[in-house]
Amino acid sequence: MAKHLKTRVIEGLKSTVATFEALPKGSTPKKRGVYYFRADVGVDAFWGAMDAEKDGRKYKKRIIVRPARFRDGLFELYTYHFPKRWSEACVANRELIKEAQRRAHALEKDNSPEGMEWRIRFFKHYFRVFKGGEKPEEGMKAYSRFYQYVYVAIYRELKNKVKELTNERMNELTNEVKVEEISFEPIDFRPRIRSFSSPMRRAYNSFNRRNLQPPDLQQFIFYEKPPRTTEEFAYVE
């Protein structure tokens, strides 16, 4: 019987740089399908995909290793399954990434005034942040390569532009709907029953037989339909 991809990777790690351990019973947090191990002597840390990229494309999954977030000294191994369908937001974000990459690669060979301006911006960042230790711009890190800096800067600019356009579109849609155009049906909060209770019906008929003014039904809430006005009753004075 063929072995699973995860089993082959675990056996390979056991025979080289890892010693797998079982967590104490009842310990939390613990996820199903996650294995924990310690790196052997001489290995400080390692993370990322442990299987070959060819196997990942074949089985539509990758075996990932990373330092455990809640247990010092341990590493966790888990399976990342390729999603069957990407959401619209993911597809849009990938398009932004590709566009930023294309522009960054183009600027590496661009000798126009725009390309020189980007190089000046990068050199300021390089000597002040990467070499000088100053705090980088918001959302940026200390980059030592021109492509890295330009790609991240362009990507963030595109993200902000998309966010502004989305907010503007939402404001336009909100302004298009006027309050006067919104119609609603009033809600009758009064409780309803099928008919008057027997004592109330007898009292009401008694007033009618004696040709007296019936009581004001507004003081009662036990009715099915709104009370009629006094003009609707035929009384003899």
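The numbers here are math on the coordinates, done by the rules we state, and not lab data. All figures in this text were calculated on a predicted structure; none of them were measured in a lab. Cβ placement follows ideal geometry from the backbone for every residue including glycine, while neighbour counts extend to all protein chains displayed.
Miscellaneous remarks
- Length gained when the stretch Cys90-Lys161 is fully extended (0.36 nm per residue, less Cα-Cα span): 23.9 nm
- Long-range amide H partners of Leu23 with built H, under 5 Å: none
- Calculated FRET value between Phe20 and Glu99, using beta carbons and R₀ = 45 Å, to 0.05: 0.55
- Counting 0.36 nm for each residue step from Val41 to Met140 and taking away their Cα separation leaves a gain of 32.1 nm.
- Working from label points 7 Å from Cα in the Cα-to-Cβ sense, the Ala68 to Tyr147 distance is 3.8 nm.
- Taking 0.36 nm per residue of separation and subtracting the Cα-Cα distance, full extension of the segment from Ser112 to Phe82 would add 6.7 nm.
- Our analysis of segment 5-81 gives Rg over Rh at 0.96, with the two radii drawn from alpha carbon positions and Rh computed by the Kirkwood formula.
- Mean-position separation - Cα centroids, segment 108-138 and segment 1-61, in angstrom: 41 Å
- Exposure proxy ranking, count of Cβ atoms within 10 Å, fewest first, for Val17, Val41: Val41, Val17
- Volume in Å³ per residue [convex hull over Cα atoms, computed for segment 88-178]: 118 Å³
- Pairs from Lys3/Lys25; Lys109/Lys159; Lys54/Lys161; Lys124/Lys159 whose Cα-Cα separation, in the structure shown, is over 30 Å: Lys54/Lys161
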